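Right, one structure below, let's go through it.
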Amino acid sequence: MTDRIRVVLVEDHTIVREGLRPLLERRGVEVVGEAGDGLQAVKIVRELAPELVIMDVALPRLGGIEATHRIVKSMPDAKVIMLTIHDEPQFVYKALEAGAKGYLVKETPFEELMTAIKAVMMGETYLSSNFPPGLIESYVRSAKRGKKTDEFSQLTRREREILGYIAEGYTSPQIAKMLYMSKKTVENHRANIMEKLAIHDTAGLVRYAIKIRLVET
C-alpha cells in the first residue's frame, strides 16, 4: 500500500490487539487507536476519524454490530471490517445491514486480512474466503426484495439503537436525553420493539439483546 491507512482496532482481548498491531504496522497500516469495548470504540472513532475500523462482534458493554451501526451513522465515510469467531450467516447479514464493508473470521490468514483491507478501501465488500460463494449476492437480493433476514431486521435503525440502550440499562428518560427526543417518543419506540419481537418486558429485551450479541454481559 502506498498511502498509510489510519486504523482503529476494536477487540476486547488485549493480547489479540498486541499481536495484530505490529503485523499491520509492518505492512504500512497506521494503528492510531485501540478500544476494548463497543462504547469506547464509538467514542474513539468519532474523536480520531480513522479511514478504517477493524471490529470484533462480541464486545463488552456494546456489541460490535451495534457499534458499527452507530459509527457508520455518524461517520458515513468510515469503513468497518468485522474480525470475529462468529461464522454464522445471520451475523454476516446483521453486520452488512449495520454498514460493515468486510467480514472475516479469526481463523483467516493475515494475508487475507490485508486483501480485505485493500478491497474495502477501494469501495468493495469483502467476506472471508471460507464463506460460500454468492453469500453477498443472496443478501443483496433479499435486501432488494425487502425480505427480513431475522426478527432483528424488522426493527428500524432507531429502534435498534434504542434496544441497545435499553439492554445497556438506560431508562427511557436517559435515552430521551441522549437522543434529543421526548420520553413519550422513546416509550413509543419501546412499545414497537416489544411488538415486533413479541417480547413484553424489559428483562426479555435484555436477554434478547445478549442472545443476538447486540450487547455483551
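The values are calculated or read from the model by the stated rules, or taken from the named source; none is laboratory data. Keep in mind that this is a model prediction, so the values were computed, not measured. With ideal geometry, Cβ positions are generated from the backbone for all residues, glycine too; neighbour counts draw on all protein chains shown.
Below is a table of values for the structure above.
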read-out: Selection from region 36-63 of residues that are within 23 Å of Tyr126 (Cα to Cα) and free of Cβ contacts under 8 Å to residues at least 60 places away in the same chain; value: Ala41, Val42, Val45, Ala49, Pro50, Val53, Ile54, Met55, Asp56
read-out: Glu168, sole failed condition from (1) acidic (Asp, Glu); (2) at pLDDT 90 or above; (3) in contact with a Lys or Arg (Cβ under 9 Å, 6 or more places away or on another chain); value: (2)
read-out: Residue check for Tyr126: farther than 17 Å from Gly63 by Cβ, touching a helix residue (DSSP H, G or I) at 6+ places or on another chain (Cβ under 6 Å) and either assigned by TED's automatic domain parsing to the domain that holds Ile15 or not hydrophobic (A, V, I, L, M, F, W, C) (or both); value: yes
read-out: Subset tally (residues that are over 23 Å from Leu24 (Cα atoms), touching a residue at least 40 places away in the same chain (Cβ under 8 Å) and either of a type in the set (Gly, Ala, Ser) or assigned to a loop (DSSP other than H, G, I, E, B) (or both)) for region 88-131; value: 1
read-out: Matching residues, region 26-52, being more than 16 Å from Met82 (Cα to Cα), touching a strand residue (DSSP E or B) at 6+ places or on another chain (Cβ under 6 Å) and of a type in the set (Asp, Glu); value: Glu30
read-out: Residue, farthest from Tyr165 (Cα to Cα), within region 45-66, restricted to residues that are modelled with pLDDT of 90 or more and charged (D, E, K, R); value: Glu51
read-out: Region 181-207: number of residues that are under 19 Å from Arg70 (Cβ atoms) and under 23 Å from the mean Cα position of the chain (by Cα); value: 6
read-out: Where Val215 falls short, out of the listed (1) assigned to a helix (DSSP H, G or I); (2) under 21 Å from the mean Cα position of the chain (by Cα); (3) among the β-branched types (Val, Ile, Thr); value: (1)
